[in-house]
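Colleague: To start, I am sharing the structure in question, which I have written as structure tokens.
What follows draws every value from the coordinates through simple rules; no lab data is involved. Note that the structure is a prediction, hence the values are computed from the model and not measured. Note that each Cβ is placed from the backbone with ideal geometry, even for glycine, and that neighbours are counted across all protein chains shown.
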Amino acid sequence: MRAVVQRVNSASVTVDGETIAQIGHGLLVLLGVKTGDTDEDAGRLARKLRALRVFEDADGRMNLSVEDAGAELLCVSNFTVYGDARRGNRPSFVEAAAPDEAERLYEKVREELEAQGGRFGAHMAVTLVNDGPVTLILDT
């Protein structure tokens, strides 16, 4: 699994002109599932995301987790994080899991995070105000 994680002041997901999820200060997680990923990978990634210390403490140091900071989570499925454009100009997505398995594992991570989410397989408009900016990539 791969997650592109952004600390945000706000983020939202819109499908067909309707906002289906939105958060204030927190983390936006763009989550990709790879062929061969397991329930164990999903659990490990969810635990890592909950424990990730990227929020500032009273001294201005990134030392607080989502829970410590009272922050929110928005998790959006995004198979393109497994896009490989090392050869040529058109990305290959052969590493991305089949939709049925990807959706199941995406939902598992989202539920373990108790995060709001996008709509799997939909064309979504994701808006965000990056805070910092702080952007990390986590792989299992």
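Colleague: Filter the stretch 88-100 for residues that are surrounded by 12 or more Cβ atoms within 10 Å (Cβ to Cβ) and out of contact with any Ser or Thr (no Cβ under 8 Å at 6 or more places or on another chain) and give the result.
Modeller: 92, 99, listed by residue number.
Colleague: Also, I was wondering about something else. If you go through the stretch 92-117 one residue at a time, how many are touching a Leu at 6+ places or on another chain (Cβ under 8 Å) and part of a loop (DSSP other than H, G, I, E, B)?
Modeller: 3
Colleague: Ok, one more. Looking for something within 14 Å of the chain's Cα centre (by Cα) and aromatic (Phe, Trp, Tyr) - is there at least one such residue anywhere in the stretch 97-110?
Modeller: Checked against the condition, which is being within 14 Å of the chain's Cα centre (by Cα) and aromatic (Phe, Trp, Tyr), the stretch 97-110 yields at least one hit.
Colleague: Quick check: anything in the stretch 115-130 under 15 Å from residue 51 (Cα atoms) and crowded, with 17+ Cβ neighbours inside 10 Å?
Modeller: Yes, some residue in the stretch 115-130 is under 15 Å from residue 51 (Cα atoms) and crowded, with 17+ Cβ neighbours inside 10 Å.
Colleague: Oh, and also: How many residues are closer than 22 Å to residue 8 by Cβ and touching a residue at least 12 places away in the same chain (Cβ under 8 Å) if we restrict to the stretch 86-117?
Modeller: 10
Colleague: Only one of these is in contact with a His (Cβ under 7 Å, 6 or more places away or on another chain) and of a type in the set (A, V, I, L, M, F, W, C): 98, 102, 71, 115. Name it.
Modeller: Step by step, each of 98, 102, 71, 115 is checked, and only 71 is in contact with a His (Cβ under 7 Å, 6 or more places away or on another chain) and of a type in the set (A, V, I, L, M, F, W, C).
Colleague: Continuing with the same structure: Give me the strands (runs of 3 or more DSSP E) completely within the stretch 14-85, filtered to those with at least 1 residues that are touching a residue at least 24 places away in the same chain (Cβ under 8 Å), β-branched (Val, Ile, Thr) and surrounded by 19 or more Cβ atoms within 10 Å (Cβ to Cβ), ordered by residue number.
Modeller: Counting at least 1 such residues, we get 18-23, 26-32, 72-77.
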